[in-house]
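Peer 1: The structure is given below, and queries will be raised subsequently.
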Amino acid sequence: MVERNLTISPTGGGVGAFVEGIDIAAGLDAPSVAALRSGLGEYGVLFFRGQHLRPEQHIRFAEQFADINVNRFFKAVDGYARVAEVRKEPDQSRNIGGAWHTDHTYDVKPAMGSILLAKEVPESGGDTLFANMYSAYESLSDGLQQTLAGLKAVHTSRHAFGAQARYHRDMNGRLGNPQAATQDAVHPVVITHPISGRKALYVNQAFTVRFDGWTQEESKPLLEMLYAHGARPEHTYRFSWKPGSIAFWDNRASWHYALNDYHGQRRLMHRITLEGEALEGCCA
Ligand code: SIN
């Protein structure tokens, strides 16, 4: 049991915090889980080092926060249907997650977060960028905040994971089930975060296609402005992986972007995604 040594310290960048004094494989008590949940809500991403978890330990850790969401599109780790593989082999050119996004926003109840564990990392490269959707929202003008408060947006998986998606090229079986890419969901553009109660910007470049009631053409300029704003360096932090590193991110408070700068090398991660809930707007 670890709660007396557990510390959560902000990265000093735009998002995230480092967790120390914890051995996840040894098991966590309820106060430790509560501290991590609250830290997740406050900082958007929690980073851990030296946690060389076996899949069953990874699953046990995840289940302390929420039910596990079995990803429809990613290949699973052999023998562990609930652990997805995020893999890129030396002869492959495309990676998974190589653009700003947050996971599963095409679901009516979007995933609350993911726990990504590094198994094999390239000698150099393969970092992941994270961005803070609280500070992205808070740094908008009062006028734009008021405009966004009244808006909802449409999110879809069709263009990303459907049969025609460019994503499937060069994936060699790492992604599948394109016929399952039929989800659409409408969410508030500014949400009240379910853990922290803070307001966060909730659109993302990968899955948001338009504002509800607007055409794609009408939506594009404002969405692109918000994507550029959210990705400004002051909202971001760049995490470098080692085997046994974990990033536990909250999809409602952050975006992430897996850099694809390690061609010719293998990168293998295990990802568990956690079920979430329908999201409330900010300002009803
Ligand atoms: C993802 O988007 O889930 C993958 C992130 C990463 O591989 O760093």
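Peer 1: I need the strands (runs of 3 or more DSSP E) fully contained in region 185-284, keeping only those with at least 1 residues that are closer than 20 Å to residue 62 by Cα and touching a Phe, Trp or Tyr at 6+ places or on another chain (Cβ under 7 Å).
Peer 2: Numbers: elements: 190-192, 199-201, 208-211, 236-239, 246-250, 254-258, 267-274.
Counting at least 1 such residues, we get 246-250, 254-258, 267-274.
Peer 1: Which one of these does residue 56 not meet: (1) outside any loop (DSSP other than H, G, I, E, B); (2) open to solvent by less than 60 Å² (accessible area, probe 1.4 Å)?
Peer 2: (2)
Peer 1: Given the condition among the charged types (D, E, K, R) and under 25 Å from residue 28 (Cβ atoms), answer yes or no: does some residue in region 115-125 qualify?
Peer 2: First, the residues of region 115-125 that are among the charged types (D, E, K, R): 119-120, 123.
Now restrict to residues that are under 25 Å from residue 28 (Cβ atoms): 119.
There is at least one residue in region 115-125 that is among the charged types (D, E, K, R) and under 25 Å from residue 28 (Cβ atoms).
Peer 1: Quick test of your reading of the structure: residue 82 fulfils all but one of (1) open to solvent by 60 Å² or more (accessible area, probe 1.4 Å); (2) out of contact with any strand residue (DSSP E or B) (no Cβ under 9 Å at 6 or more places or on another chain). Name the failing condition by number.
Peer 2: (2)
Peer 1: Could you tell me whether any residue of region 127-139 is closer than 22 Å to residue 212 by Cα, within 12 Å of the ligand (Cβ to nearest atom) and assigned to a strand (DSSP E or B)?
Peer 2: no
Peer 1: Here is a follow-up. Given the options 200, 153, 181, 185, name the one that is modelled with pLDDT under 60, crowded, with 17+ Cβ neighbours inside 10 Å and not basic (Lys, Arg).
Peer 2: Numbers: 200 fails: modelled with pLDDT under 60; 153 fails: modelled with pLDDT under 60; 185 fails: modelled with pLDDT under 60.
Just one listed residue meets the conditions, 181.
Peer 1: Using the structure shown, decide if residue 79 is under 28 Å from residue 24 (Cβ atoms), within 16 Å of the ligand (Cβ to nearest atom) and more than 13 Å from the chain's Cα centre (by Cα).
Peer 2: Values: under 28 Å from residue 24 (Cβ atoms): yes; within 16 Å of the ligand (Cβ to nearest atom): no; more than 13 Å from the chain's Cα centre (by Cα): yes.
So residue 79 does not fit the description; no.
Peer 1: Would you confirm whether any residue within region 86-98 is touching a strand residue (DSSP E or B) at 6+ places or on another chain (Cβ under 6 Å), open to solvent by less than 10 Å² (accessible area, probe 1.4 Å), in a strand (DSSP E or B) and within 10 Å of the ligand (Cβ to nearest atom)?
Peer 2: yes
Peer 1: State all residues of region 6-47 that are more than 27 Å from residue 231 (Cβ to Cβ) and of a type in the set (Ser, Thr, Tyr); if no residue qualifies, say none.
Peer 2: 7, 32
Peer 1: Criterion first (surrounded by fewer than 23 Cβ atoms within 10 Å (Cβ to Cβ), farther than 13 Å from residue 126 by Cα and either modelled with pLDDT of 95 or more or within 16 Å of the ligand (Cβ to nearest atom) (or both)) does residue 258 satisfy it? Spell out the reasoning first.
Peer 2: On the way: surrounded by fewer than 23 Cβ atoms within 10 Å (Cβ to Cβ): yes; farther than 13 Å from residue 126 by Cα: no; either modelled with pLDDT of 95 or more or within 16 Å of the ligand (Cβ to nearest atom) (or both): yes.
When the stated conditions are applied, residue 258 does not pass them.
Peer 1: Could you list, in sequence order, the residues of region 59-71 that are surrounded by fewer than 19 Cβ atoms within 10 Å (Cβ to Cβ) and more than 25 Å from residue 17 (Cβ to Cβ)?
Peer 2: If the condition is that a residue be surrounded by fewer than 19 Cβ atoms within 10 Å (Cβ to Cβ) and more than 25 Å from residue 17 (Cβ to Cβ), then 70 is the only one that fits.
The values are calculated or read from the model by the stated rules, or taken from the named source; none is laboratory data. Everything quoted here is computed from the prediction, not taken from an experiment. Every residue, glycine as well, gets a Cβ built from its backbone with ideal geometry; the counts of neighbours run over all protein chains shown. Protein only, heavy atoms only, side chains kept; ligands, DNA and RNA dropped before computing areas. Shrake-Rupley method; radii C 1.70, N 1.55, O 1.52, S 1.80 Å.
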